[in-house]
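See structure below.
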Amino acid sequence: MSNDFSLSSFPQLETERLLLRETSLQDAEATFAVLSDPSVTQFHDLDTFTSIKEAIAVIERRAKRFELGNGIRWGIVHKQDNILIGSCGFTWNPQEHAAEVGYELASTFWRQGIMTKAVDTILQFGFQKMGLRFVVAQVMLENIASKKLLEKLGFHSQGVKKQYGFFKGQYHDLEQFLLKNKKLSE
(Lines give C-alpha, C1' and ligand atoms only; values in the text may rest on other atoms or scores of the structure.)
Protein backbone atom coordinates (compact mmCIF):
# COMPACT_ATOMS: atom_id res chain seq x y z
CA MET A 1 0.00 0.00 0.00
CA SER A 2 1.36 3.37 -1.02
CA ASN A 3 1.69 6.31 1.36
CA ASP A 4 1.62 8.78 -1.49
CA PHE A 5 0.08 8.70 -4.92
CA SER A 6 3.17 8.78 -7.09
CA LEU A 7 3.70 5.59 -9.06
CA SER A 8 7.04 4.65 -10.59
CA SER A 9 5.38 3.65 -13.86
CA PHE A 10 1.93 3.83 -15.38
CA PRO A 11 0.02 0.68 -14.40
CA GLN A 12 -1.72 -1.18 -17.20
CA LEU A 13 -4.91 -2.98 -16.13
CA GLU A 14 -6.82 -5.69 -17.96
CA THR A 15 -10.25 -7.26 -17.97
CA GLU A 16 -11.44 -10.10 -20.19
CA ARG A 17 -12.30 -7.70 -23.05
CA LEU A 18 -10.63 -4.42 -22.12
CA LEU A 19 -7.19 -2.95 -21.71
CA LEU A 20 -6.82 0.11 -19.49
CA ARG A 21 -3.60 1.81 -20.50
CA GLU A 22 -1.78 5.08 -20.65
CA THR A 23 -2.87 7.33 -23.48
CA SER A 24 -0.38 8.89 -25.85
CA LEU A 25 -0.43 11.41 -28.66
CA GLN A 26 -1.16 8.47 -30.99
CA ASP A 27 -4.61 8.43 -29.34
CA ALA A 28 -5.33 12.07 -30.24
CA GLU A 29 -7.74 11.31 -33.10
CA ALA A 30 -9.64 8.73 -31.05
CA THR A 31 -9.75 11.10 -28.05
CA PHE A 32 -11.07 13.82 -30.34
CA ALA A 33 -13.71 11.45 -31.72
CA VAL A 34 -14.97 10.69 -28.20
CA LEU A 35 -14.89 14.25 -26.84
CA SER A 36 -16.23 15.95 -29.98
CA ASP A 37 -19.56 14.16 -29.47
CA PRO A 38 -21.98 16.51 -27.63
CA SER A 39 -23.83 13.54 -26.12
CA VAL A 40 -20.57 12.47 -24.40
CA THR A 41 -19.64 15.94 -23.15
CA GLN A 42 -23.18 16.96 -22.16
CA PHE A 43 -22.53 16.20 -18.47
CA HIS A 44 -18.73 16.59 -18.58
CA ASP A 45 -16.73 19.52 -17.24
CA LEU A 46 -15.09 19.76 -20.67
CA ASP A 47 -16.61 21.65 -23.57
CA THR A 48 -17.31 19.63 -26.70
CA PHE A 49 -14.07 19.51 -28.67
CA THR A 50 -13.92 21.29 -32.01
CA SER A 51 -10.21 20.81 -32.74
CA ILE A 52 -7.68 18.00 -32.56
CA LYS A 53 -5.49 20.46 -30.62
CA GLU A 54 -7.93 20.16 -27.69
CA ALA A 55 -7.48 16.39 -27.68
CA ILE A 56 -3.70 16.76 -27.71
CA ALA A 57 -3.92 19.26 -24.83
CA VAL A 58 -6.09 16.94 -22.69
CA ILE A 59 -3.74 13.99 -23.29
CA GLU A 60 -0.75 16.15 -22.29
CA ARG A 61 -2.60 17.53 -19.24
CA ARG A 62 -3.48 14.04 -18.04
CA ALA A 63 0.13 12.87 -18.56
CA LYS A 64 1.40 15.85 -16.54
CA ARG A 65 -1.12 15.14 -13.75
CA PHE A 66 0.21 11.57 -13.54
CA GLU A 67 3.84 12.75 -13.65
CA LEU A 68 3.18 15.15 -10.75
CA GLY A 69 1.36 12.46 -8.73
CA ASN A 70 -1.95 14.37 -8.80
CA GLY A 71 -4.01 11.75 -10.61
CA ILE A 72 -4.21 9.02 -13.18
CA ARG A 73 -6.39 8.57 -16.24
CA TRP A 74 -6.50 5.30 -18.13
CA GLY A 75 -7.47 5.06 -21.78
CA ILE A 76 -10.11 2.38 -22.33
CA VAL A 77 -9.51 0.17 -25.38
CA HIS A 78 -10.85 -3.14 -26.63
CA LYS A 79 -8.05 -5.68 -26.55
CA GLN A 80 -8.65 -6.84 -30.12
CA ASP A 81 -8.03 -3.47 -31.80
CA ASN A 82 -6.32 -1.22 -29.21
CA ILE A 83 -8.42 1.78 -30.32
CA LEU A 84 -9.33 4.20 -27.56
CA ILE A 85 -13.08 4.38 -26.85
CA GLY A 86 -13.04 6.35 -23.58
CA SER A 87 -11.17 6.96 -20.36
CA CYS A 88 -11.53 6.68 -16.62
CA GLY A 89 -9.39 7.62 -13.69
CA PHE A 90 -8.76 9.37 -10.41
CA THR A 91 -7.77 12.74 -9.12
CA TRP A 92 -5.98 12.06 -5.83
CA ASN A 93 -6.79 13.68 -2.49
CA PRO A 94 -3.66 12.77 -0.49
CA GLN A 95 -4.81 14.48 2.74
CA GLU A 96 -7.88 12.24 2.91
CA HIS A 97 -6.16 9.23 1.30
CA ALA A 98 -9.03 9.33 -1.17
CA ALA A 99 -9.77 10.06 -4.80
CA GLU A 100 -12.43 11.45 -7.08
CA VAL A 101 -13.35 9.27 -10.05
CA GLY A 102 -14.19 10.49 -13.52
CA TYR A 103 -14.95 8.79 -16.83
CA GLU A 104 -16.36 9.09 -20.33
CA LEU A 105 -17.13 6.62 -23.09
CA ALA A 106 -17.88 6.96 -26.80
CA SER A 107 -21.66 6.92 -27.20
CA THR A 108 -21.57 3.98 -29.65
CA PHE A 109 -20.34 1.83 -26.72
CA TRP A 110 -22.92 2.89 -24.13
CA ARG A 111 -25.08 0.26 -22.39
CA GLN A 112 -22.68 -2.61 -23.08
CA GLY A 113 -21.24 -2.96 -19.57
CA ILE A 114 -17.90 -1.46 -20.65
CA MET A 115 -17.81 1.44 -18.21
CA THR A 116 -19.07 -0.71 -15.33
CA LYS A 117 -16.17 -3.12 -15.90
CA ALA A 118 -13.59 -0.38 -16.45
CA VAL A 119 -14.53 1.64 -13.35
CA ASP A 120 -14.82 -1.49 -11.21
CA THR A 121 -11.29 -2.45 -12.32
CA ILE A 122 -9.79 0.93 -11.38
CA LEU A 123 -11.68 0.95 -8.07
CA GLN A 124 -10.09 -2.40 -7.20
CA PHE A 125 -6.70 -0.94 -8.11
CA GLY A 126 -7.35 2.16 -6.01
CA PHE A 127 -8.48 0.24 -2.94
CA GLN A 128 -6.04 -2.68 -3.13
CA LYS A 129 -2.87 -1.12 -4.57
CA MET A 130 -3.17 2.53 -3.55
CA GLY A 131 -4.87 2.00 -0.20
CA LEU A 132 -7.64 4.50 -0.82
CA ARG A 133 -10.02 4.97 2.12
CA PHE A 134 -12.86 6.11 -0.15
CA VAL A 135 -13.71 7.35 -3.63
CA VAL A 136 -16.13 10.15 -4.47
CA ALA A 137 -17.93 11.07 -7.68
CA GLN A 138 -19.66 14.34 -8.53
CA VAL A 139 -22.55 13.99 -10.96
CA MET A 140 -24.81 16.55 -12.62
CA LEU A 141 -28.39 15.95 -11.49
CA GLU A 142 -29.62 15.21 -15.01
CA ASN A 143 -27.00 12.49 -15.60
CA ILE A 144 -29.20 9.51 -14.75
CA ALA A 145 -26.95 6.95 -16.52
CA SER A 146 -23.94 7.97 -14.45
CA LYS A 147 -25.94 7.79 -11.22
CA LYS A 148 -27.11 4.28 -12.13
CA LEU A 149 -23.54 3.23 -12.92
CA LEU A 150 -22.28 4.47 -9.56
CA GLU A 151 -25.11 2.81 -7.64
CA LYS A 152 -24.46 -0.45 -9.49
CA LEU A 153 -20.82 -0.24 -8.31
CA GLY A 154 -21.91 0.26 -4.68
CA PHE A 155 -21.65 4.04 -4.36
CA HIS A 156 -24.16 5.82 -2.12
CA SER A 157 -25.53 9.32 -2.61
CA GLN A 158 -24.32 11.84 -0.06
CA GLY A 159 -26.78 14.48 -1.24
CA VAL A 160 -26.72 17.46 -3.57
CA LYS A 161 -24.16 20.24 -3.36
CA LYS A 162 -25.84 23.39 -4.61
CA GLN A 163 -23.94 25.43 -7.20
CA TYR A 164 -20.85 23.31 -6.49
CA GLY A 165 -19.32 22.94 -9.94
CA PHE A 166 -18.45 25.76 -12.30
CA PHE A 167 -17.92 24.74 -15.91
CA LYS A 168 -19.31 25.61 -19.33
CA GLY A 169 -19.78 29.18 -18.10
CA GLN A 170 -22.18 28.47 -15.24
CA TYR A 171 -22.58 26.91 -11.82
CA HIS A 172 -24.11 23.45 -11.52
CA ASP A 173 -25.72 21.53 -8.68
CA LEU A 174 -23.83 18.26 -8.28
CA GLU A 175 -24.89 15.10 -6.49
CA GLN A 176 -22.01 13.57 -4.55
CA PHE A 177 -21.59 9.81 -4.38
CA LEU A 178 -19.26 7.93 -2.03
CA LEU A 179 -17.78 4.43 -1.99
CA LYS A 180 -15.78 3.35 1.05
CA ASN A 181 -13.00 0.80 1.03
CA LYS A 182 -14.77 -2.22 2.51
CA LYS A 183 -11.55 -3.69 3.94
CA LEU A 184 -10.89 -0.51 5.92
CA SER A 185 -14.52 -0.29 7.04
CA GLU A 186 -14.61 -3.74 8.64
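The values are calculated or read from the model by the stated rules, or taken from the named source; none is laboratory data. Keep in mind it's a predicted model, so treat the numbers as computed, not measured. FYI the Cβ positions are ideal-geometry reconstructions off the backbone, even for glycines, and counts take in every protein chain you see. Heavy atoms of the whole protein, side chains included, go into the accessibility calculation; ligands, DNA and RNA do not. Shrake-Rupley method; radii C 1.70, N 1.55, O 1.52, S 1.80 Å.
Observations on the structure shown:
- Largest accessible area first, the listed residues D45, D120 line up as D45, D120 when surface is computed with a 1.4 Å probe on the assembled protein chains.
- The accessible surface of the chain, taken with every protein chain in place and a 1.4 Å probe, is 49 percent carbon and sulfur.
- Region 91-183 - convex hull of alpha carbons, volume per residue in Å³: 108
- In this simple spin-label model, placing a label point 7 Å from the Cα along the Cα-to-Cβ direction at both S51 and K79 gives a separation of 4.0 nm.
- Under 18 Å from the Cα of K182 - aspartates and glutamates, other chains or at least 8 residues apart: E96, E100, D120, E151
- Surface analysis of region 1-157 yields an accessible area of 51 Å² per residue, using protein heavy atoms and a 1.4 Å probe.
- Exceeding the 29 Å Cα-Cα cut-off - candidates K64/K148; K152/K183; K64/K117: K64/K148
- Stretched out straight at 0.36 nm per residue, the stretch from F43 to E151 would grow longer than its current Cα-Cα span by 37.1 nm.
- Whole-Å semi-axes of region 5-53's equivalent ellipsoid (Cα gyration tensor): 25, 14, 12
- The DSSP beta bridges internal to the chain are antiparallel in roughly 90% of cases.
- Modelled label positions at W110 and F10, each set 7 Å beyond Cα in the direction of Cβ, lie 2.7 nm from each other.
- For L174, solvent-accessible area (1.4 Å; no DNA, RNA or ligand), Å²: 10
- Per residue convex hull volume, Cα atoms of region 29-163, in Å³: 126
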